[in-house]
Structures are given as C-alpha cells and as structure tokens.
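Structure first, commentary second.
Bear in mind these aren't lab numbers, they're just calculated from the coordinates by the rules spelled out. Just so we're clear, the structure is a prediction, and the values are computed from it rather than from any experiment. Note that we place each Cβ from the backbone using ideal geometry, even for glycine, and neighbour counts take in every protein chain shown.
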C-alpha cells in the first residue's frame with residue numbers, strides 16, 4: 001500500500017520540485033529589485049492569501065475526497081458511481097464559486113476601508129488590494145477542479161497545470177525585469193499583475209477537465225458536507241492564522257523598521273520553501289490516499305509507517321539546508337542575508353508542521369473533524385502568546401521561535417488525541433532516533449564552525465555529515481534504493 005503513496009508522492013514531488021525551483025527565480029528577482037520595506041508588502045500580502053483561500057474554500061477539498069470515497073462505497077455500476085461523483089463535484093464547486101464571488105464583491109464595495117485596514121504602506125495603492133482580491137477569486141474557483149484531478153489520480157495533469165501557472169508568472173516577471181518595469185513608480189504592483197494573469201490563465205486551462213459539469217448547489221448534499229467540513233474550516237482558519245499572524249504581529253508590534261524586518265523574515269522563510277515543498281507534496285499525495293476506503297487495520301499500519309518515513313526524510317532535508325545555509329542565502333539579495341541565522345529554527349517548525357499533518361488523517365477518516373479545532377486553536381494561542389513575549393526582545397528571530405513552539409504544541413496535542421481515541425502504533429523510538437541524530441550532527445557542525453570558520457574544509461565536513469545521516473537512514477530501514485527507483489518509474 002505504501003508503494004502507491006510513495007509513487008504518487010514521487011510523481012507530485014519530482015515535478016513540483018522542478019516547478020517550485022522555477023518560482024525561486026521570483027524570490028531572486030524581488031529581493032534584488034525591491035528594498036526590505038517594499039518586499040515587506042509582498043511578504044504581507046502572500047501571507048494573507050492562504051488564509052483567504054482556506055476561509056473561502058470552507059474545507060471543501062478534504063470533504064470532496066471523503067464524500068467521493070463514500071460515493072464509491074455505495075456501490076452500483078461505474079456510470080452510477082460516476083454520476084454521484086459529478087453531482088458532488090457540482091455542489092462543492094458551486095459552493096466555493098459562490099463564496100469567492102461574494103468575497104470579491106465585498107472587497108470592491110469596501111475597497112477604501114480594506115486599504116486603510118491593511119496599514120500605512122498601502123495608502124494610495126488600493127489597486128494592490130483589488131488585484132489581490134481578484135487573484136483569490138480565480139484561485140478559489142480552480143481549487144475543486146484541481147482536487148478532482150487528485151481524486152482521479154491524474155497526478156501528471158495536476159502538476160502540468162500547476163507548472164503552467166508558475167511558468168507564466170515567472171516568464172512575465174522576467175519580461176518586466178528586462179523592460180525595467182520594476183524600477184518605475186508602480187513597482188511592487190507588477191508582482192500582483194503577473195500573478196493575476198497566471199491565475200486567470202490557469203483557471204481557463206483547467207476548465208476542460210471539468211467535463212462540462214455545471215456548478216450547481218444541492219442544498220441537501222451541501223448541508224451534509226458542511227457538517228463534515230465546518231470543523232475543518234474552523235481548524236483551517238486557526239491553522240492558517242498560525243502561518244500569517246506572525247507577519248501581522250511583526251508589522252504591528254515591532255516599533256522600528258517593522259516592514260523592513262517583515263521583508264527580511266519573509267525572504268528567509270522563502271529559503272525554507274524546500275522543506276515546505278516536501279510537506280506540500282506529501283499532503284497532496286497522502287490526503288486522497290488516507291481518506292479512501294481502507295480498513296482500519298490497513299489505515300493504521302500505513303499511517304504509522306508513513307509518519308516514520310516522513311520524519312526520516314524531513315530531517316535529511318533539514319540537514320541539507322541547515323548545513324549549507326550560506327549557499328542557500330545566495331538566493332536572496334545581499335541586504336536580506338542578515339537574517340540567515342534564523343533558518344534552522346524555521347526549518348524545525350516546518351518539520352513539525354508535517355508531523356501534525358500526518359497525525360490529522362485519522363480524525364478526518366473517522367469524521368471526528370472537531371479535533372482539528374482543538375489542535376489548531378491551541379497552536380494559535382501559543383503563536384500569539386509567544387510572539388507577544390519574544391517579538392519586542394528578539395524581533396523576527398522571536399517570530400521564528402514562536403512558530404517552532406506553536407508547531408511543537410500542536411504535535412503534542414495531536415499525539416495525545418491519537419493515543420486516547422485512535423491508538424496508532426507509531427514507532428516513536430525510531431522517529432526520535434532520527435531527530436536526535438540529525439540535531440547532534442547539526443550542533444557538531446556548529447561547533448566545528450567555531451574552530452575552523454567558513455571555508456572549503458567546513459563544506460567538506462558538512463558534506464560528510466549529511467551523507468553519513470543519509471547512509472545511516474538507508475541502512476537502518478534496510479531500504480533497497482534500486483528497487484525503490486524502479487517502483488517509481490515503472491509503468492502501471
């Protein structure tokens with residue numbers, strides 16, 4: 001069973017890694033064309049967009065996977081099952097189109113008030129807000145069609161369309177850079193123009209995959225879906241708030257150079273995108289996988305094994321970036337590299353985010369989605385409290401630690417709930433072993449750095465440490481790398 005998950009993760013992962021590395025070009029461009037304060041606007045806006053997407057999608061993505069599995073479980077002919085799935089698609093798509101359209105209308109009608117609420121940096125630039133609202137509208141409109149591709153197992157088509165979005169965005173930015181447009185008065189506004197064009201193009205490209213299904217809300221079915229999805233929505237709001245509220249608190253709590261610190265913090269978070277990317281590609285593959293029609297025994301066995309391998313690989317990525325962070329720092333402009341010291345802390349938070357994601361699949365499967373509320377609101381409480389405590393003392397370094405502590409709290413609560421309500425035989429000892437080993441190697445590298453300083457010798461030591469961890473993990477799990485590679489590339 002895990003072979004299927006590994007294959008799907010690899011398909012999403014390898015393709016998405018290539019695409020996301022293309023998007024690294026945007027960070028390279030922006031942190032060299034804009035100063036810290038101007039890039040702070042980019043960081044601020046792109047922290048708020050995921051919150052809006054979660055709010056307006058109302059947990060419909062997870063609901064679509066779960067209710068699609070139920071449609072199959074009801075049995076019948078292939079045509080009957082397909083008809084039920086099309087009906088479900090029409091309802092969930094119609095609901096998200098309705099919420100996103102209403103959102104855009106409200107922003108248009110209250111544009112001046114929304115601009116004022118966003119802060120002083122946006123005064124005189126209400127067009128930024130309008131374009132971002134349009135980006136959100138088109139992105140939400142495409143979410144359920146993309147979920148349908150995932151549910152149907154059309155990974156390559158999913159990735160190809162996502163790749164087109166990034167290629168269009170990057171291509172337009174390179175064109176604007178060559179034309180010198182970023183240096184004009186409109187400046188940061190071009191960031192939102194290119195994103196909007198890419199979002200519109202992506203929606204147009206995915207429409208043929210909907211097979212002419214007309215968005216139409218079945219109120220009876222929607223009520224059933226909302227019973228399942230509302231706890232996910234509430235939990236998703238709190239969980240996404242954990243992702244963006246630190247940016248808002250930097251903007252409002254730090255007394256001096258707040259937007260500049262926000263810009264540096266956002267740039268360093270971008271460097272950690274490799275870890276975030278691994279978590280995202282795992283989620284894309286794992287969510288429909290674990291919410292399908294497995295028996296409890298199959299689910300428990302697969303989920304326990306998946307978390308162990310997730311921790312093993314994520315700590316390998318942690319080492320690869322943390323040990324060579326000076327090289328990764330070259331991605332951002334020179335004036336942003338002052339914050340590179342916070343990168344290991346941000347990476348640690350991203351590792352923990354993936355752990356509690358894995359710990360959430362059981363209550364989504366069992367339709368006990370109220371637990372999402374408990375976990376995420378506890379995390380949000382820790383985020384707010386720790387930022388209030390640490391930001392005035394440490395600035396954006398405090399925000400990084402607040403995020404790490406909040407993610408640790410969510411992992412702790414998630415694990416407690418699992419042990420009490422759905423005991424899963426996670427191999428905690430093995431996972432702790434990988435974490436301790438990776439951290440020990442990292443701190444050994446830091447100690448050697450104080451003795452040798454930066455240079456080729458230090459890079460050699462770090463390379464040995466990284467390869468040592470990888471070799472140990474392969475030996476410990478008795479992984480047949482050749483067989484794994486063949487299982488990924490072989491055709492069904």
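Short-range pairs are left out: with C-alpha atoms under 8 Å and at least six residues apart, the relative contact order of the chain is 22 percent.
Taking 10 °C and 1.306 mPa s as conditions, region 32-92 diffuses translationally at an estimated 109 µm²/s according to Stokes-Einstein applied to its Kirkwood radius (Cα pairs). Counting neighbouring Cβ atoms within 10 Å and putting the fewest first, the residues 297, 183 line up as 297, 183.
Arranged from fewest to most other beta-carbon atoms within 10 Å of their beta carbon, 164, 269, 110 become 110, 164, 269. When the Cα atoms of region 133-205 are aligned to their principal axes, the ranges along those axes come out at 45, 23, 14 Å in descending order. With kT/(6 pi eta Rh) evaluated at 20 °C and eta = 1.002 mPa s, and Rh the Kirkwood radius from Cα pairs, region 71-144 diffuses with a coefficient of 147 µm²/s according to Stokes-Einstein.
What is the extension gain from residue 185 to residue 87, computed as 0.36 nm multiplied by their sequence separation minus the C-alpha to C-alpha distance, in nm to one decimal? Don't skip to the end; give the middle numbers.
Working: separation 98, 0.36 × 98 = 35.28 nm, distance 4.86 nm.
Result for the pair: 30.4 nm of gain on full extension.
Here is how the number arises for the chain: DSSP H runs of 4 or more residues each give -39500 (n - 2.57), the sum is divided by the residue count, and the result at 222 nm is -28000 deg cm²/dmol. Taking one equal scatterer on every alpha-carbon of region 348-387, how large is log10 of I(q)/I(0) by Debye at q = 0.14, 0.18, 0.21, 0.24 1/Å? The computed values of log10 I(q)/I(0) come out as -0.35, -0.56, -0.72, -0.85. For region 299-387, what class follows from the C-alpha gyration tensor (a ≥ b ≥ c being the square roots of its eigenvalues): rounded when a/c is under 1.5, otherwise prolate if a/b is larger than b/c, else oblate? Oblate shape, in that a/c is at least 1.5 and b/c is the bigger or equal ratio. Each of 70, 270 has some number of other Cβ atoms within 10 Å of its Cβ, and from fewest to most they run 70, 270.
Taking N as the number of residues in the chain, what value does Rg over Cα atoms divided by 2.2 N^0.38 Å take? Walk me through the numbers before you get to the answer.
Details: Rg = 22.6 Å, N = 492, 2.2 N^0.38 = 23.2 Å.
Here the Cα radius of gyration is 0.97 times the empirical estimate.
Ranked by the mean number of other Cβ atoms within 10 Å of their residues, highest first, the peptides 344-352, 364-372 fall in the order 344-352, 364-372.
Once you have a ≥ b ≥ c as the square roots of the Cα gyration tensor eigenvalues for region 151-281, tell me rounded if a/c is under 1.5, and otherwise prolate or oblate according to whether a/b is larger than b/c.
Details: a/c = 2.11, a/b = 1.27, b/c = 1.66.
Oblate shape, in that a/c is at least 1.5 and b/c is the bigger or equal ratio.
In units of the compact-protein estimate 2.2 N^0.38 Å, region 371-430 shows a Cα radius of gyration of 1.34.
Shape call for region 372-474 from the C-alpha gyration tensor, a ≥ b ≥ c root eigenvalues: rounded (a/c under 1.5), prolate (a/b greater than b/c) or oblate? Cα axes put region 372-474 in the oblate bin.
How much FRET efficiency would the formula 1/(1 + (r/R0)^6) give for residue 478 and residue 421, where r is the Cβ-Cβ distance and R0 is 41 Å, rounded to 0.05? Let's see the in-between values first.
Details: r = 32 Å, r/R0 = 0.79.
Once the sixth-power term is evaluated, E becomes 0.80.
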